[in-house]
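One structure is given here, and the rest of the page talks about it.
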Amino acid sequence: MNVLVVNPIVYTSEIKTIKRAGSIKDTMIYDLCLAFMEKGHQVVLYAAEPFKPLSKERYPFQVIWGKCVFQKICQPYRLPFMPGLFRYIKEHEDIDLIICSEVFSLTTLNSVWAANKKVIVWHELAEHNAMMHQIPSKIWYNIVPRLFMRDTKVVARSKGAYTFICQFCRSTVNEIIGHGVDLNRFLASKEKKDYFIVCSRLTKRKRIDGILYSFKMYVDLYENRTKLFIIGDGDQRVSLEKLTRDLHLSDRVVFTGKMSHDQLIPFLSHALAMLVNTGKDNSLLSIVESLAVGTPVITTDIPLDAPYIKEHRLGIAKAWDHEDLKEMVDDNPFYVQNCLDHRNALSTYYKVDRFIKIYSECDER
């Protein structure tokens, strides 16, 4: 099959001025495209040019960096507009399947106008977009899908996203397809060492300070030598390092900075658990990556992955504290085994098979 994956926003940018990454090879969408290719399909990734890496990269599949226009209104970091996409689809009639990200998206609407019957929208959001007090989002969801996407297949990435989007899109598929991981890279391990791990941008929204306070109580109460590795960078790093010193945790907490996947995986696979304390997020790829290497997750119930963790006992999902850290240590083999038993369902190969199945069922109709 010839597959076009339309994913303008390759990675999250917290600010309008997108900081170009050195590579896109650690992104979720790259791994999905790679899985399509390795399953024998011809795949093209269509992404927004402002996300193009600083250095030249070679990819085993074609990547098109679409030009973004009207950038003051259609800001590339959250609502990019790439008019060249419509022309590209019209000029390539041999495309069999188009996978687009999000219903509230100008590029998705462009794709639907160009080839509606070929499109599957892979939807992540579980609430209205906060931009301009949700007004554009509410107008869009209540008008655009009903007028232009009545027969367009929509696949949610989580139960929360499904509950939200099926209110507006009558062709929402019952099956949920979450983010996937390349299991050839993310190798699992049963052998855990005496440390927790945080993999996150160090921003206020991620509430890493709350993790430090809980870890401090855990250390003081249970008199152990457990460490905490904080992997990532951001504008809160200096204040978090100061908080670490103030809590007298300098000998226990290690700030490593940002890591590539190749650097991260050995740390992640041997951790007792990955800790998440976010106050606002959608689906988190870092959670899926942690589960894939056999490392349970302790998270708030904010991420859309939280119900999934609860359902399959892959960790703890609630307003957690130091007592949950203790429970995770005491019952670690149980949670680790659950992650290992569930690992194959997280594979990008498995996600590709689900997309092809949905496409085939649509085609038969």
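The values are calculated or read from the model by the stated rules, or taken from the named source; none is laboratory data. All figures in this text were calculated on a predicted structure; none of them were measured in a lab. Positions of Cβ are backbone-derived with ideal geometry, glycine not excepted, and every protein chain shown enters the neighbour counts. Heavy atoms of the whole protein, side chains included, go into the accessibility calculation; ligands, DNA and RNA do not. Shrake-Rupley method; radii C 1.70, N 1.55, O 1.52, S 1.80 Å.
Which links in Lys227/Lys258; Lys193/Lys326; Lys56/Lys357; Lys118/Lys159 stretch past 26 Å when you go from one Cα to the other? Before the final figure, lay out each step's value.
Details: Lys227/Lys258 18 Å; Lys193/Lys326 15 Å; Lys56/Lys357 35 Å; Lys118/Lys159 24 Å.
Over 26 Å apart, Cα to Cα: Lys56/Lys357.
Do you know the relative contact order of the chain, to the nearest whole percent, from alpha carbon pairs under 8 angstrom that are 6+ apart?
Dividing the mean separation by the residue count of the chain yields 14 percent.
Over the chain, accessible surface divided per residue gives 47 Å², non-protein components excluded, 1.4 Å probe. What you get for the chain, charging only the Cβ of Lys and Arg (+1) and of Asp and Glu (-1), is a dipole of about 1080 debye around the Cα centre. As a ratio to 2.2 N^0.38 Å, the alpha-carbon radius of gyration for the stretch 252-331 is 1.06. Placing a label point 7 Å from the Cα of Thr226 along the Cα-to-Cβ line, the residues of the stretch 175-191 whose backbone N sits under 19 Å from it are 190-191. Largest first, the residues Arg252, Arg150, Arg354, Arg207 sort by 1.4 Å accessible area into Arg150, Arg207, Arg354, Arg252.
Trp113 sits with roughly 140 Å² accessible to a 1.4 Å probe, with DNA, RNA and ligands left out of the calculation. Highest-first packing order for the peptide set 167-174, 226-233, 292-299 is 292-299, 226-233, 167-174, based on the mean count of other beta carbon atoms within 10 Å.
Using just the helices of the chain, give the 222 nm mean residue ellipticity in deg cm²/dmol: DSSP H runs with n ≥ 4 each add -39,500 (n - 2.57), and the total is spread over all residues, rounded to 500.
Numbers: 13 runs with 136 residues, N = 365.
My calculation for the chain gives -11000 deg cm²/dmol from helical runs alone.
When only alpha carbons are used to place a centre, the stretch 45-67 and the stretch 102-149 end up 24 Å from one another.
On average over all directions, what projected area in square nanometres does the stretch 90-141 have, based on the convex hull of its Cα atoms?
Computed as one quarter of the Cα hull surface, the answer is 3.9 nm².
Quick check on my link table: of Lys25/Lys67; Lys19/Lys280; Lys39/Lys72; Lys204/Lys310; Lys25/Lys190, which ones sit more than 31 Å apart, alpha carbon to alpha carbon? The pairs that break the limit, which is 31 Å between Cα atoms, are Lys39/Lys72. Structural size metrics of the stretch 210-365, computed from C-alpha coordinates, are Rg and Dmax of 17.5, 64 Å. Take every pair of alpha-carbon atoms less than 8 Å apart whose residues are at least six positions apart; their mean separation over the length of the stretch 294-365 yields a relative contact order of 29 percent. Ligands, DNA and RNA left out, the accessible area of the chain computed with a 1.4 Å probe is 52% carbon and sulfur.
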